[in-house]
Amino acid sequence: QVQLVESGGGLVQAGGSLRLSCAASGRTFSSYAMGWFRQAPGKEREFVAAINYSGIRTAYADSVKGRFTISRDNARNMGYLQMNSLKPEDAADYYCAARNGLLVTTAPVYDVWGQGTQVTVSS
């Protein structure tokens with residue numbers, strides 16, 4: 001079973017950048033699709049980005065297209081979310097998730113979750 005730990009959150013000014021990391025344990029990470037989701041206070045968890053097991057295929061929410069980039073390094077058991085041109089509405093707790101299957105954009109089908117990392121964007 002894969003376990004996930006996020007890092008890299010913090011406080012950034014609007015227009016700034018952050019890079020979130022997701023460290024995975026377990027030798028089977030390279031066979032898992034990975035996704036990033038976020039949840040702001042009082043809101044439902046929403047899809048941000050996803051990447052397939054090999055890193056060839058990616059998907060993004062419309063709200064982050066062109067600003068965020070998801071990537072992974074299977075040799076290092078790491079996943080990343082590069083966030084540029086951050087906006088106040090990007091502020092949320094960000095979670096990485098993994099599933100042993102195809103790339104999907106819906107949270108319930110991901111069966112492994114990290115504990116989350118907080119991103120705060122000041123205007």
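Side notes on the structure shown:
- Full-extension gain in nm, Ser31 to Ser7, via 0.36 nm per residue minus C-alpha separation: 6.5 nm
- Solvent-accessible heavy-atom area per residue, rounded to whole Å², over the chain at 1.4 Å: 51 Å²
- Measuring nothing but protein heavy atoms, the accessible surface of the chain at 1.4 Å probe radius is 47 percent carbon and sulfur.
- Rounded to whole numbers, the Karplus 3J(HN,Hα) couplings from phi for the range 63-80 are 5, 10, 4, x, 10, 10, 9, 9, 8, 8, 10, 5, 5, 9, 6, 10, x, 9 Hz, using 6.51 cos²θ - 1.76 cosθ + 1.60 with θ = phi - 60°, and x at Gly and Pro.
- In this label model, Gln39 and Asn74 are separated by 3.0 nm, measuring between points 7 Å along each Cα→Cβ vector.
- Computed label-point distance, nm, for sites Asp111 and Thr58 using a 7 Å Cα→Cβ extension: 2.7 nm
The values are calculated or read from the model by the stated rules, or taken from the named source; none is laboratory data. What you see is a predicted model, and the numbers here were worked out from it, not measured in a lab. Neighbour counts run over all protein chains shown; Cβ positions are idealised from the backbone, glycine included. Accessible surface is based on the protein model in full, side chains and every heavy atom, while ligands, DNA and RNA are left aside. Shrake-Rupley method; radii C 1.70, N 1.55, O 1.52, S 1.80 Å.
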